[in-house]
1. Within region 227-276, restricting attention to residues that are in contact with a strand residue (DSSP E or B) (Cβ under 6 Å, 6 or more places away or on another chain) and acidic (Asp, Glu), which residue is nearest to Gly288 (Cα to Cα)?
2. Would you mind telling me which numbered condition in (1) modelled with pLDDT under 85; (2) touching a Ser or Thr at 6+ places or on another chain (Cβ under 6 Å) Ala75 fails?
3. When the residues of region 52-110 are narrowed to those that are of a type outside the set (A, V, I, L, M, F, W, C) and not in a helix (DSSP H, G or I), which ends up most open to solvent (accessible area, probe 1.4 Å)?
4. Determine if region 307-329 includes at least one residue that is within 36 Å of the chain's Cα centre (by Cα), modelled with pLDDT of 85 or more, on the phi < 0 side of the Ramachandran plot and not hydroxyl-bearing (Ser, Thr, Tyr).
5. Would you point out which residue out of Leu257, Leu240, Leu284, Leu272 is of a type outside the set (D, E, K, R), farther than 17 Å from Ala217 by Cα and either out of contact with any Gly (no Cβ under 6 Å at 6 or more places or on another chain) or outside any helix (DSSP H, G or I) (or both)?
6. When you go through (1) touching a residue at least 40 places away in the same chain (Cβ under 8 Å); (2) surrounded by fewer than 16 Cβ atoms within 10 Å (Cβ to Cβ); (3) within 15 Å of His69 (Cβ to Cβ) one by one for Leu142, which number turns out not to apply?
7. State the number of residues belonging to region 117-134 that are touching a residue at least 12 places away in the same chain (Cβ under 8 Å) and either closer than 15 Å to Ile64 by Cα or open to solvent by 20 Å² or more (accessible area, probe 1.4 Å) (or both).
8. Kindly list the number of the only condition in (1) surrounded by 14 or more Cβ atoms within 10 Å (Cβ to Cβ); (2) within 31 Å of the chain's Cα centre (by Cα) that fails for Gly238.
Amino acid sequence: MVSAHIENYWANRCLTFTMFLRLMRLAQLMKLLFVDSLITSGTNGLSRYISVLGQYALVALYAIAVLVHNLACMAWIVALIEGLDYSWATKVTWVGGPGGIEYASMPEQYLASVYWVVTTATGTGYGDVTPNSPGDALLAMLFMVCGVGMVALLIGSIAELLTQATSDARRAHAFRQKLMEVDEWLQRRNLPTKLSRAVTNYYNQVWLQHRDHPTEAAILSELPPYLRGRVASHITAGLLDGVDVTRGLEQTVKEQLASRLVPVEVAPGHELCREGDEADCLWLLQEGEMVRMRAHTHQVDLICPPCWLGESCLLVAEHPQLQHRPATLRWAQQ
């Protein structure tokens, strides 16, 4: 009878521990589903209704809840293995009535476990529930370490959110100030509505991005000539080799040519040059697509990289009629 009782005892404990492991896997799956529901875009995502800060708060609260739940389950399993009369559970006298926690309902037992975890992890420590065995002491230390980790994570995350919010606020303020200046100038010049909207769209698409991230041209202009040539040659190596005119040039010649190139960024739908403009430079298309339009023939061509644009300016000395652009070059809409 005693042997059978012992076997049943450890069988029940192993089953309880197995159920705990399965519970952790279920909690992990629920967390993945919860986070996915927050960040999923579209009609089914909660991100349509909750701000970024609100989403982060929900994810953080859910992660803390899952951690507290798992620690509470671990505390109860240790109490069952050691025996309720020889563990921290014997100190809980406010559930179960005269019979103690052993005769309490499952929700009350769960509440007692969560109570011990929260009071220990947060450092509150009322002293009403204390470790009663070496296993309880190890659990209490684990709770404290997890509590310190949670507090550090929350403080660091809040500091990062405040920093990001401050940075976003500065950018938004600078952008609003710039748009106010542009609107005032547009009104002073009495520009047509369509033209004013085009100027505003340009600032919406280009100016803020350039202000937040320094342009490649600005970075290259700060470098000394010898270093700028080497850097520009490395950036345009594949581009120059992809064009027949510059493919066979020596490396020193490529570096000199690359050092003369100035990066130019064009917003989608904006024009690089217009037909009839003075042909004073040429471009090497690296990314995106350009549309070449000729007004007198109504011809429209799509140009893909790598290729030269506006190369007719090289023949102005021999053919003066080429001193003006023969076509309009416009960045294709993305």
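The values are calculated or read from the model by the stated rules, or taken from the named source; none is laboratory data. As the structure is a prediction and not an experimental result, all values here were calculated from the model. For neighbour counting, all protein chains shown are included, and Cβ atoms are generated from backbone atoms with ideal geometry for every residue, glycine included. Surface accessibility is based on the protein's heavy atoms, side chains included, excluding ligands, DNA and RNA. Shrake-Rupley method; radii C 1.70, N 1.55, O 1.52, S 1.80 Å.
1. Once the filter is applied, the top-ranked residue is Glu271.
2. Ala75 satisfies all of (1) modelled with pLDDT under 85; (2) touching a Ser or Thr at 6+ places or on another chain (Cβ under 6 Å) except (1).
3. Thr93
4. Checking region 307-329: at least one residue is within 36 Å of the chain's Cα centre (by Cα), modelled with pLDDT of 85 or more, on the phi < 0 side of the Ramachandran plot and not hydroxyl-bearing (Ser, Thr, Tyr).
5. Leu240
6. With (1) touching a residue at least 40 places away in the same chain (Cβ under 8 Å); (2) surrounded by fewer than 16 Cβ atoms within 10 Å (Cβ to Cβ); (3) within 15 Å of His69 (Cβ to Cβ) applied to Leu142, the lone miss is (2).
7. Count: 11.
8. That leaves (1) as the condition not met.
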